Amino acid sequence: MADTYRDLRAWQKAFSLCLEVYRATRCFPKAEVYGFASQMQRAAVSIPSNIAEGFGRRTTPDFLRSLYIAYGSTCELQTQIMLATELGYLKRDTSASLFQSAGDVERLTKALIRALEKKRSQP
């Protein structure tokens, strides 16, 4: 197991995704700064934050609970990326990059969940 949450690939990828989202939402219309852009940023920051928090709680059930929250935030963010693209707030190449990164985070988070659930179910 990792020594710190920063050693987890899921956290590393989620942190990078968060930075990407903040950079991408800078170009949103002024009317969306405190609305849609802010909502996307909150979803993005929730992902690495929940991974870190769960790791810090040091129990498998708490970590799993936090990972499921992070997974849910990833799904929320993917929906928001699609919507922002359809509304013309994100360019297609930016959207594709964000969606790829979110997909990576989704897969890594699910793999971590599976590993912890397997560990928890073993005597």
Segment 63-115 to segment 6-38: how many Å between their Cα centroids? 11
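Using r as the Cβ-Cβ distance of Cys75 and Asp3, and R0 as 35 Å, what FRET efficiency do you calculate, to the nearest 0.05? Each step should come with its number before you reach the end.
Working: r = 29 Å, r/R0 = 0.83.
In this case the efficiency is close to 0.75.
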Per-residue counts of other Cβ atoms within 10 Å, averaged by peptide: what ranking do you get for 3-10, 26-33, highest first? 3-10, 26-33
Tilt of helix 92-121 relative to the longest C-alpha principal axis of the chain, in degrees (0 to 90, nearest 10)? 20
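What does the net charge come to around Ser46 if you take all other residues with beta carbon closer than 13 Å to its beta carbon, with K and R at +1 and D and E at -1?
On the way: positive: Arg42; negative: Glu53, Glu76.
Overall, the nearby charge balance is -1.
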Roughly how tilted is helix 9-24, in degrees to the nearest 10 and between 0 and 90, from the longest Cα axis of the chain? 10
Of the candidate values (1) -0.25, -0.61, -0.80, -1.35; (2) -0.26, -0.57, -0.71, -1.07; (3) -0.21, -0.54, -0.73, -1.40, the one computed for log10 I(q)/I(0) by the Debye sum over Cα atoms at q = 0.09, 0.14, 0.16, 0.21 Å⁻¹ from this structure is (2)
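Any read-out appearing in this document is the output of simple, stated calculations on the displayed coordinates, not a laboratory observation. This is a predicted model, so every value here is computed, not measured. Heads up, the Cβs are rebuilt from the backbone with ideal geometry, glycines too, and the neighbour counts pull from every protein chain shown.
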